[in-house]
1. Could you work out [θ]222 nm for the chain from helices alone, using -39500 (n - 2.57) per DSSP H run of at least four and dividing by all its residues? Round to the nearest 500 deg cm²/dmol.
2. With the other protein chains left in place, how much accessible area per residue, in square angstrom, belongs to the chain at a 1.4 angstrom probe?
3. Give the distance, in whole Å, between the Cα centre of the range 60-97 and the Cα centre of the range 1-59.
4. Tell me, what HN-Hα J-couplings in whole Hz come from the Karplus equation 6.51 cos²θ - 1.76 cosθ + 1.60 at θ = phi - 60° for each residue of the range 88-99, using x for Gly and Pro?
5. So for the range 77-134, what are the equivalent ellipsoid semi-axes in whole Å, largest first, each being the square root of 5 times an eigenvalue of the Cα gyration tensor?
6. Where is the GNM fluctuation largest for the chain (alpha-carbon springs, 10 angstrom cutoff): 46, 105, 126?
7. Quick one: go through the range 99-127 and flag any residue whose amide nitrogen is under 20 Å from the point 7 Å out along the Cα-to-Cβ line of residue 79.
8. Rounded to the nearest percent, how much of the accessible area of the range 86-144 (1.4 Å probe, protein heavy atoms only) is carbon and sulfur?
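The values are calculated or read from the model by the stated rules, or taken from the named source; none is laboratory data. None of these values were measured; they are calculated from a predicted model. Here the Cβ positions follow ideal geometry from the backbone for every residue, glycine too, while neighbour counts run over all protein chains shown. These accessible areas exclude ligands, DNA and RNA; they are computed on the full protein's heavy atoms, side chains included. Shrake-Rupley method; radii C 1.70, N 1.55, O 1.52, S 1.80 Å.
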Amino acid sequence: MSELRIVPVSDEQTLLDWQRVHNEIIPTAPLSVAEIRERVTRNVLEVAYDGDVLVGCSTVRPPSDETPAAVVIARVLLAYRRRGFGTAIYEHCLERGRSLADRIETHILASNEDGLRFAKAHGFVEVETYLLPGDTIPFVELRL
């Protein structure tokens, strides 16, 4: 890892980069540009670059009526895993999440074995598995 930069989704390029990472890692629930524009109004969406190379993205959802927890999600493109990017993105998100709530959760597609292994290695425990309407691969909700 040389020079990791984590920047907010603030323009068309960062939005498209965030979309690329999200949709590659969660192919069962791809998001459109319009959906991402809506999400950025209520969540913190950020993109991570190693220098100028896109390596990942993140989401921090504040507590809501649905859950009193802040949800932190760090995503790293497959080609850039196991280089410290995930840990750096996760720690960045965790700091923001802890400023919003006492409880922290994450949600990971069940087929993302790297993501599940990463979350469990960082102290998360599985609390629920759920299937979105029309999906065949469940998400796993984990709590720190």
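1. On the way: 4 runs with 46 residues, N = 144.
When only DSSP H runs of four or more count, the value is -10000 deg cm²/dmol.
2. Details: 7640 Å² over 144 residues.
The answer is 53 Å² per residue.
3. 12
4. Values per residue, Gly and Pro as x: 5, 5, 4, 4, 4, 5, 4, 4, 5, x, 5, 6 Hz.
5. On the way: eigenvalues 74, 66, 21 Å².
Those come to 19, 18, 10 Å.
6. Among 46, 105, 126, the largest GNM mean-square fluctuation belongs to 126.
7. Flagged as within label range: 114-115.
8. Working: 1670 of 3300 Å².
Carbon and sulfur atoms account for 51 percent of the accessible area of the range 86-144.
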